[in-house]
Structures are given as structure tokens and as C-alpha cells.
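Peer 1: Please find one structure pasted underneath; my questions will follow.
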Amino acid sequence: MSAHTLLAESGCHLFTGCGFPAPGLDAFDFKPFLTIGGVSFTKPMLLAVICMVIVIGFFWLAFRKPKLVPGKLQLIGEIGYNFIARSIAREVIGKEGSKYVPFLASIFFFVWIMNIMSVIPLAQFPSASRFAYPVVLAVCVWVTYIFLTFKKHGFKGGVKNLVWIEGLPKPLVPLIVLLEFIQNVITRPFTLAVRLWANMFAGHMLILVFSIASWYLLTPSIMSAVAAGSFVLAAGMTAFEVLIQFLQAYIFTLLTSIYISGAIEEGH
Amino acid sequence: MMTFLAAEGAQNPLIPDTTELVVGILCFLIVFGLLGKKLLPNIQKTLEERHDAIEGGLERAAEAQAEANQTLEQYKAQLAEARHEAARLRQEATEQGATIIQQMREEGQRQREEIVAAGHTQIEADRKAAAVALRQDVGKLATELAGKLVGESLEDHARQSRTIDRFLDQLENNAANAEATR
């Protein structure tokens, strides 16, 4: 049972002897709508697939047969592409960055569209608030990071790039090597995933709290004024979420480019 | 922390669902596969082509401008050369004309002198011939006249010759005197 169904099915209001049905973790667990051979398919998976179709569909229509003089759709696509190519790849990685634009753009638009689903009626759920999706993306970034590090510097140089800092006092070396290893190899991908997940999780939770509260407080009493306030807040939070969704997709992509830049640069 | 995670069990949001992991990685790889391998390189190429087209257009325009300038310079140079040539030809023609006139003048002069000289020669020859003929005729006439006057035939050739010579000398003297006085 998710909070969504609780909210819709219960006529639970203030003064009806019913407590506030605060949304919890169960708001992020969906009943499978389809189960094939023991594998259950849930709404977030469907949303992820829909987002994949949207991203591919848009870029297919926009860039399938690109023209020198662009049409409207191609122009919009180019703006998106240039945003990644210039303000992220070029800015962070530099001249070599153009090689990684496809990877960065795929991440950005996939994450952004998944996040936007949070405020699209009927969808209204960010898939990234299920930890598996950020994990998948962070793992892709991590594999890319490690692969590029060893490809660029060879095995010895790669290891050195991961854990070594030049010019340290001898007694500090073991400690710093350990810390660097933990930071570069373990916490980076972990924080990358958690940052996106937690933001989407918290954003969705906030909207839920205020939405449920406005419904719960909607009674024939003075508390309806509070319900109205809560509703305004829910709407405000939704608008705010739109900003956060873009920002998180941007930050995720930006960090990815910073890691790539760290992997391919000389020394560090 | 670990006990908390364990107590939460299936509800722990930080334990990813396996099916979701699979769906997520598939979705992302499909997106990356299509965007990264086909669609974005497509647009990258187009953007470069557009850049080239714009830059190339400017370069071509600059080239055309330079070429036009060069052609203009060439025309100007050719025009100046043609003017120079025309002036030179005029100058030459004037000089040649003057030379020809000079030559014609000299030729005319020469021919005139030739004709005059030839005339003089002819006249001299005629005069001499006339003088010779006259001398003979005058001699004959004088002899006949003398013969008639003296009534005798001056058969003595020596005397005849002397008489004629004396007469002729007298004549020549007269002529010389006449010429001197003229």
C-alpha cells in the first residue's frame, strides 16, 4: 500500500478521529502492475522506460537527418547539445571534452527527463528517488572514470593517479593514500548516486506532505484556510522542484565531467 | 548504523532493487547507444559543417574581393600601358612623318638638281654641236662668199685655211669681248 492509494481511498480528514497519514518510505514502494515469471514490474520502471523513449524519440526526430539550416526541433536539440558541449564539456574538460559530449548529454537528458516526470500529471514520480536508478548511472560513470584513468596512464600511472599526491611528508603518505583511495574509488560514485537520489526523494516527499496535508485539513471548518495555505505550498514546492530537477541533472553531469577530467589529466 | 539498516529490511531505500537495476542500466545503455553512437555524432558533424560553411563563405568572399582588386589593378596597369604605347606611337609617327618629309624634300632637291644638271649638259652639248656645225657652215659660206667677191676660186688650200682661221679668230674675239662687257 502506498501513500498515494491511502490518500485516494481514505476519506481521512481532520476531526474524523483519524490521524494524519504522514507519507513514509511506503510512498516509494509501488505495487507491481505486472509480474512475469516472478519478476515484478512497477511504476518507476515504466517511467524509466517512458523517459528512455522520450529522450530517444526527441533526439531521433531532431537529429536523424540534421540540416545545415536547422528546423525548429533541430534548433531546440542543438541548444541542448551545445549547452552540454560548451558549458560542461568544454568548460570543465577543455579541448578533449568533445569526445565525451555524447556520454554527458545522454546522462543529462536521461536524468533530467526522469526528474521532470515528478511534476507531470499521472506520472508524478521521479524514478531517481528509487536508489537503483542513480546507482546504475553512478556505476556507468565510475566504470568510465576507472577505464579512462588506466587507459590514459597505464596500470602504474593509473594507480598513482588514483591514490598518489606529490610532495607529501613521508609520515603522511600511508594515510593520504588510504584517504585518496577511499575518496576516488568508493565515496565519489557513492555520493554521486546518493546526491541525486536524496534530492529527488526529499523533493517528492515534500510535495507529498503538503498535498496530503491540504487534503487532510480540508474540512468544513476554519482549518480549510490552513489547507489552502498547504496547497499553495504544495504548488510552490512543485515549481521549486522543477528547478531542483534541472539543477540535479546538471550537477550530476557536471561532476561526471569533473571525474573524466581528473582521469585524463596529467598528474593531479 | 548497520543494525538500523538491517532492521529496516526490505524497506531500506539504500538497497537497490535488482529488477530496477536491470531496467535502469538497459534504459541508459539504449539511450547512450543511440544518442552516443548515431544521433549526437550526426549533429556534431552538422555543426562542424555549418561552422565550415560560414567560415568558408567569409573566406571565399575575401578571396573574391582580393581577386577583384587584383583584376582592377591589372586593368589599370594595362590601361596605363596602352596610353603609354599610344603616346609612344604618336611620337614615333610624328618623327617618322618629319623624317619622310625631310627625305622627300632631299629627294626632290636631288631630282631637281639632276634635272637641272642634265639640262645644262644637254644645252652644252647642243651648243657645242651647234658651234661645230656653225663653224663648218660659216666657213663654207665665207669661202663661197669670198670666192664670189674676189671672183676667183681660192684653190690654194693653205691660203683658204688661213683666211678662214683669221676670220674665225676675229669672230671669237668679238664674242669674248661681248661676253666680257655683259
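The values are calculated or read from the model by the stated rules, or taken from the named source; none is laboratory data. Please read all numbers here as calculations on a predicted model, not as lab measurements. No Cβ is skipped: glycine too gets one built from the backbone with ideal geometry, and neighbour counts run over all protein chains shown.
Peer 1: Would you be able to tell me the number of residues in the stretch A:91-125 that are away from chain B (no Cβ under 13 Å), in a helix (DSSP H, G or I) and either among the charged types (D, E, K, R) or under 14 Å from A:Val242 (Cα atoms) (or both)?
Peer 2: Here the count works out to 7.
Peer 1: Let me ask you something else. Can you tell which of A:Met52, A:Met45 is in contact with an Asp or Glu (Cβ under 8 Å, 6 or more places away or on another chain), facing chain B (nearest Cβ under 10 Å) and closer than 17 Å to B:Val22 by Cβ?
Peer 2: A:Met45
Peer 1: All but one of (1) modelled with pLDDT of 90 or more; (2) over 27 Å from B:Ile54 (Cβ atoms) hold for A:Leu73, so report the exception by its number.
Peer 2: (2)
Peer 1: Please find, within the stretch A:209-253, the residue that is farthest from the chain's Cα centre (by Cα) out of those that are of a type in the set (Ser, Thr, Tyr) and not in a helix (DSSP H, G or I).
Peer 2: Quick first cut of the stretch A:209-253, residues of a type in the set (Ser, Thr, Tyr) only: A:211, A:214, A:216, A:219, A:221, A:224, A:230, A:238, A:250, A:253.
With the extra rule that they be not in a helix (DSSP H, G or I), the set shrinks to A:219, A:221.
Working: A:Thr219: 37, A:Ser221: 41 Å.
Filtering the stretch A:209-253 for residues that are of a type in the set (Ser, Thr, Tyr) and not in a helix (DSSP H, G or I), the one farthest from the chain's Cα centre (by Cα) comes out as A:Ser221.
Peer 1: Next question, about the same structure. Tell me, please, whether a residue that is in contact (Cβ under 8 Å) with a residue 24 or more places away in the chain, part of a helix (DSSP H, G or I) and either surrounded by 10 or more Cβ atoms within 10 Å (Cβ to Cβ) or touching a Lys or Arg at 6+ places or on another chain (Cβ under 6 Å) (or both) can be found in the stretch B:145-157.
Peer 2: no
Peer 1: Something else now. Might you let me know whether the stretch A:65-74 holds any residue that is in contact with a helix residue (DSSP H, G or I) (Cβ under 7 Å, 6 or more places away or on another chain), in contact (Cβ under 8 Å) with a residue 12 or more places away in the chain and either facing chain B (nearest Cβ under 8 Å) or within 23 Å of A:Thr256 (Cβ to Cβ) (or both)?
Peer 2: yes
Peer 1: Considering only residues that are basic (Lys, Arg) and at pLDDT 80 or above, look in the stretch B:134-161 and name the one that is nearest to B:Glu172 (Cα to Cα).
Peer 2: Ranking the candidates gives B:Arg135 first.
Peer 1: If A:Lys152 meets every condition in (1) at the interface with chain B (Cβ under 10 Å from one of its Cβ atoms); (2) closer than 22 Å to A:Ser261 by Cβ; (3) among the basic types (Lys, Arg) apart from one, which number is that one?
Peer 2: (1)
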